[in-house]
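For reference, the structure is listed below as structure tokens.
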Amino acid sequence: MIFTIGYEGYSIQEFVSRLKSMNVSVLYDVRWLPLSRKKGFSKSSLKKYLENAGIEYQHLKELGTPKELREKLYSTGDYETFFSEYASIAAKHQELIQKIVDSNHTKNVCIMCFEHDPSKCHRSVVSRIIQRTYGQETADI
């Protein structure tokens, strides 16, 4: 099982606790820009919190949503177009998706972004690619 999670609504302590409760050992951050106004969720501080909990942190910027696509979604609210355009971006980075799947053979992995609701997040597209291409089950936690 490959997990996905959005940190929206969590404190850093709750977030790490949730990952530990699912025995996650590698977290893949798929944010284009791994910064956050929320304490503990910017790249360097998140990495430190995770390392202290025994969880490896990997940032996969290329699987993030480019600024232009995010801005287009904010202005139109058109998730169908957003997900379609993002799927084209993700398709160009199959080697990174393969990396996630391969690492799940020996470790429990989780894909992370901001949005709590995966139906409003590009990580759901990555999840569908993993399911369809690799036959690997995924679940949001």
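The values are calculated or read from the model by the stated rules, or taken from the named source; none is laboratory data. All values reported here derive from a predicted model rather than from experimental measurement. Cβ sites come from the backbone with ideal geometry, for glycine too, and all protein chains shown count toward neighbours.
State whether the residues of the range 10-19 include one that is more than 19 Å from VAL126 (Cβ to Cβ), of a type in the set (Val, Ile, Thr) and crowded, with 16+ Cβ neighbours inside 10 Å. Yes, the range 10-19 contains a residue that is more than 19 Å from VAL126 (Cβ to Cβ), of a type in the set (Val, Ile, Thr) and crowded, with 16+ Cβ neighbours inside 10 Å. The criterion of being among the acidic types (Asp, Glu) and touching a helix residue (DSSP H, G or I) at 6+ places or on another chain (Cβ under 6 Å) does not hold for ASP78.
Within the option set SER119, SER103, being closer than 19 Å to GLU137 by Cα and at pLDDT below 95 holds for one residue only, SER119.
Taken as a whole, the condition of being at pLDDT 95 or above, under 19 Å from ASN108 (Cα atoms) and out of contact with any helix residue (DSSP H, G or I) (no Cβ under 6 Å at 6 or more places or on another chain) applies to SER17.
Can PHE3 be described as within 15 Å of VAL125 (Cα to Cα) and in contact (Cβ under 8 Å) with a residue 60 or more places away in the chain? Taking the combined requirement at face value, the residue satisfies it. When the range 34-60 is filtered for residues that are more than 18 Å from ASN108 (Cα to Cα) and touching a Lys or Arg at 6+ places or on another chain (Cβ under 8 Å), the ones remaining, listed by number, are PRO34, LEU35, SER45.
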